[in-house]
Amino acid sequence: MIKIVYGPKGFGKTKIMLDEVNKAGSTAKGNVVFITDKRFNTVNVNFNVRCVYTEDHDIKGSVAFNGFINGLLAGNSDIEYVFVDGLKRIIGNDMEGGDKLFASIKQLQDEYPELKFVVSVSAAREDLPEYVASLID
């Protein structure tokens with residue numbers, strides 16, 4: 001499953017994500033990973049959730065981020081949820097290479113059928129790339 005949380009800046013995507021992260025942290029049988037680009041106050045994040053900040057690992061661009069995701073899963077096959085807050089900030093506002101990133105995520109889900117991705121993208125629906133818009137219910 002790949003779920004997309006989208007909307008313009010200030011819409012409340014991070015709040016929606018944090019609510020889902022905390023719910024998953026309380027109910028998941030496997031591990032929950034929350035990935036975002038910058039450190040912020042994570043006091044309200046469930047203590048069972050692993051918070052990862054891409055700025056700490058100098059991850060910039062879709063290729064680096066794809067490698068990072070694959071590395072996380074290679075190191076821990078018990079991951080059930082991967083939440084990504086602020087994909088455009090992580091891989092670049094133009095989402096260059098995002099189509100290959102999402103293709104790779106779909107491949108990972110073939111390998112790990114129980115794996116769930118929730119990704120936030122800062123854009124109105126009509127501004128989403130087709131490869132993202134096609135994933136919206």
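Bear in mind these aren't lab numbers, they're just calculated from the coordinates by the rules spelled out. Note that the structure is a prediction, hence the values are computed from the model and not measured. Note that each Cβ is placed from the backbone with ideal geometry, even for glycine, and that neighbours are counted across all protein chains shown.
Here are a few things to note about the model shown:
- Single condition Ser77 does not satisfy, out of (1) in a helix (DSSP H, G or I); (2) of a type in the set (Ser, Thr, Tyr); (3) more than 20 Å from Pro8 (Cα to Cα): (1)
- Residue in the stretch 69-83 that is surrounded by fewer than 16 Cβ atoms within 10 Å (Cβ to Cβ), under 22 Å from Asp99 (Cα atoms) and in contact with a helix residue (DSSP H, G or I) (Cβ under 8 Å, 6 or more places away or on another chain) present: yes
- Extreme residue, nearest to Asn22 (Cα to Cα), among residues of the stretch 34-80 that are aliphatic (A, V, I, L, M) and in contact with a Leu (Cβ under 9 Å, 6 or more places away or on another chain): Val45
Quick grid of which residues meet (1) part of a helix (DSSP H, G or I); (2) free of Cβ contacts under 8 Å to residues at least 60 places away in the same chain; (3) in contact with a Gly (Cβ under 8 Å, 6 or more places away or on another chain); (4) under 20 Å from Ala133 (Cα atoms):
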{"site": "Tyr6", "(1), (2), (3), (4)": "no, no, no, yes"}
{"site": "Val21", "(1), (2), (3), (4)": "yes, no, no, no"}
{"site": "Val33", "(1), (2), (3), (4)": "no, yes, no, no"}
{"site": "Arg39", "(1), (2), (3), (4)": "no, yes, no, no"}
{"site": "Val43", "(1), (2), (3), (4)": "no, yes, no, no"}
{"site": "Asn46", "(1), (2), (3), (4)": "no, yes, yes, no"}
{"site": "Cys51", "(1), (2), (3), (4)": "no, yes, no, no"}
{"site": "Glu55", "(1), (2), (3), (4)": "yes, yes, no, no"}
{"site": "Leu73", "(1), (2), (3), (4)": "yes, yes, no, no"}
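- Test: Asp99 is of a type in the set (D, E, K, R) and either within 16 Å of Ile16 (Cβ to Cβ) or over 16 Å from the mean Cα position of the chain (by Cα) (or both): no
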